[in-house]
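Undergrad: I have a structure I would like to understand better, so I am pasting it below and will then ask my questions one at a time.
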Amino acid sequence: MKLKQLSLFLENKPGALSAPVKILADAGINILTLSIAEARQFGILRLLVRDWKAAKDLLEKHGLVVKVTDVLAIEVANRPGGLAEVLPALEEAGINLEYMYAFTLKRDSKGLLLLRFDDPDKAIEALQRRKINVVGSAELFKRLEA
């Protein structure tokens, strides 16, 4: 159920995003979703691709620093209060949410969020106890093909 996310450290300057995006595009690797966080001197590009190992190897071959982290994809009702219904499951279990970003894919009036936790296994247990769907890679890729 955990998904592998690639995080790339980029200089915070014009054009820094172009290199990794072009490298992946030239190799035929599609970016499924991404997020950029910035600081004054650098930025962190976080992305999800189908074949994370191939993408990681390719990006490192081109001199980029890549870190692999586990994230979870969860279904959230796509309406006001959808996220507010999910968060108590994590808070009650004492799980720290480090960051999240939305996935552009929606289905059956539900959206997907990608979340990074300090303890992803504990987060999976807490979410499943509350009947919150944690989407695995097989289900996610199947949805993309539909």
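Undergrad: Go through the stretch 109-115 residue by residue and turn each phi into a ³J(HN,Hα) via Karplus (6.51, -1.76, 1.60, θ = phi - 60°); whole Hz please, and just put x for glycine and proline.
TA: 6, 10, x, 10, 10, 9, 10
Undergrad: Highest mean first, how do 35-42, 110-117 rank when packing is the count of other Cβ atoms within 10 Å averaged over residues?
TA: Working: 35-42: 11.1, 110-117: 19.6.
Packing order, densest peptide first, comes out as 110-117, 35-42.
Undergrad: Restricting attention to the alpha-carbon atoms of the stretch 70-145, what are Rg (one decimal) and Dmax (integer), both in Å?
TA: 11.7, 36
Undergrad: Which semi-axes, in whole Å and largest first, does the equivalent ellipsoid of the stretch 46-105 have when worked out from the alpha carbon gyration tensor as the square roots of 5 times its eigenvalues? Mind dumping the intermediate values first?
TA: Values: eigenvalues 189, 41, 14 Å².
Calculated on Cα positions only, the semi-axes equal 31, 14, 8 Å.
Undergrad: Averaging sequence separations of C-alpha pairs under 8 Å and six or more residues apart, then dividing by the length of the chain, give the relative contact order as a whole percent. All intermediate terms of the calculation are to be shown ahead of the outcome.
TA: On the way: 240 pairs, mean separation 37.7, N = 146.
Across the chain, relative contact order equals 26 percent.
Undergrad: Only Cα pairs under 8 Å and at least 6 apart count here; give the relative contact order of the stretch 70-145 as a rounded whole percent.
TA: Values: 110 pairs, mean separation 30.8, N = 76.
Over the stretch 70-145, the number comes to 40 percent.
Undergrad: Go from 0 up to the bin containing the longest alpha carbon distance in the chain, width 5 Å each, and give me the % of pairs per bin.
TA: 2, 9, 19, 20, 18, 14, 10, 6, 1, 0
Undergrad: Sticking with this structure for a sec: Pairs on different chains or at least eight residues apart, Cα atoms closer than 15 Å: how many lysine pairs in the stretch 1-61 fit?
TA: Values: LYS2/LYS53; LYS4/LYS53; LYS4/LYS56; LYS22/LYS56; LYS22/LYS61; LYS53/LYS61.
Lysine pairs meeting the criterion: 6.
Undergrad: Over all distinct Cα pairs, what is the inverse of the mean 1/r for the stretch 3-69, reported as the Kirkwood hydrodynamic radius in Å? The partial results should precede the final answer.
TA: Details: mean 1/r = 0.0845 Å⁻¹.
Computed over Cα pairs of the stretch 3-69, the Kirkwood hydrodynamic radius comes out at 11.8 Å.
Undergrad: A further question on this structure: Go through the stretch 10-17 residue by residue and turn each phi into a ³J(HN,Hα) via Karplus (6.51, -1.76, 1.60, θ = phi - 60°); whole Hz please, and just put x for glycine and proline.
TA: 10, 5, 8, 8, x, x, 5, 6
No value in this document is a laboratory result; all are computed from the given coordinates. Since this is a predicted model, take the numbers as computed values, not measurements. Cβ: placed from backbone, ideal geometry, glycine included. Neighbour counts: every protein chain shown.
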